[in-house]
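The values are calculated or read from the model by the stated rules, or taken from the named source; none is laboratory data. Computed from a predicted model, the values in this text were never measured in an experiment. Heads up, the Cβs are rebuilt from the backbone with ideal geometry, glycines too, and the neighbour counts pull from every protein chain shown.
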Amino acid sequence: MPEFPKAQDFFESSSAAVGDHELRRKLESASARHLDHFAQVKADFPPYDDEREAAHRIKTDAIAHLDELLIDLTSKLEANGCKVFFAEDASQARDYIVALAKAKGATNVVKGKSMTTEEIDLNDALANAGIDAVETDLGEYIVQLRGERPSHIITPAI
């Protein structure tokens with residue numbers, strides 16, 4: 001992957017952005033469009049509140065039974081030929097992924113948008129191992145090209 005300039009310090013970038021009136025106008029416009037779109041979608045889908053509550057109940061139940069669900073998922077994945085690895089911490093997860101990439105002879109990898117990989121600093125670990133990682137999500141890719149980290153789970157480049 002080509003070399004890009006390192007990102008500015010967060011506070012330096014934030015201070016400059018606060019004074020950028022055109023940027024502020026664009027962000028306000030984008031935010032307003034998003035909120036308007038959300039309101040329209042919600043109005044077009046009358047069972048929205050009921051469905052949201054059902055999703056919340058399902059999520060709460062899944063968290064309460066996560067141990068059982070993970071055992072079931074692991075069994076089903078392995079029955080279909082998948083290899084499942086549980087890491088005890090970020091370091092163990094990074095080490096496993098880097099070792100797997102090296103064992104396969106990978107020098108370039110693509111990775112889908114995943115906050116988990118951000119949380120475990122996977123891109124840095126791959127880079128330190130001489131493996132170039134390129135994001136497949138456009139917003140994540142823009143942030144990657146700038147040498148920054150995403151600051152928003154849905155719209156990383158806003």
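At-a-glance table
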{"quantity": "Test set (1) within 13 Å of the chain's Cα centre (by Cα); (2) of a type in the set (V, I, T); (3) over 30 Å from D9 (Cβ atoms) - T60 fails condition number", "calculated": "(1)"}
{"quantity": "Pair list, Cβ under 8 Å, 6 or more apart: the range 100-124 residue under 19 Å from C82 (Cα atoms), other residue hydroxyl-bearing (S, T, Y) and crowded, with 16+ Cβ neighbours inside 10 Å", "calculated": "K111/T117"}
{"quantity": "Options V110, V143: the member that is at pLDDT below 95, exposed (fewer than 11 other Cβ atoms within 10 Å of the Cβ) and not aromatic (F, W, Y)", "calculated": "V110"}
{"quantity": "Residues that are assigned to a loop (DSSP other than H, G, I, E, B), in contact with a strand residue (DSSP E or B) (Cβ under 9 Å, 6 or more places away or on another chain) and charged (D, E, K, R), drawn from the range 101-136", "calculated": "K113"}
{"quantity": "Residues being within 23 Å of L122 (Cβ to Cβ) and either in contact (Cβ under 8 Å) with a residue 40 or more places away in the chain or hydroxyl-bearing (S, T, Y) (or both) - total across the range 50-95", "calculated": "2"}
{"quantity": "Helices (runs of 4 or more DSSP H) within the range 5-80 that include 2 or more residues farther than 26 Å from G147 by Cα and among the small types (G, A, S)", "calculated": "21-44, 48-64, 66-79"}
{"quantity": "Criterion violated by I142 - all others in (1) more than 22 Å from S14 (Cα to Cα); (2) of a type in the set (A, V, I, L, M); (3) without any contact (Cβ under 8 Å) to a residue 60 or more places away in the chain satisfied", "calculated": "(1)"}
{"quantity": "Yes/no for E148 being in contact (Cβ under 8 Å) with a residue 24 or more places away in the chain and in contact with a Pro (Cβ under 7 Å, 6 or more places away or on another chain)", "calculated": "no"}
{"quantity": "Any hit, the range 2-23, residues being surrounded by 10 or more Cβ atoms within 10 Å (Cβ to Cβ), touching a Leu at 6+ places or on another chain (Cβ under 9 Å) and in contact (Cβ under 8 Å) with a residue 24 or more places away in the chain", "calculated": "yes"}
{"quantity": "Unique residue being modelled with pLDDT of 95 or more, more than 30 Å from T107 (Cα to Cα) and of a type outside the set (D, E, K, R) when the list is L23, L27, L35, L73", "calculated": "L73"}
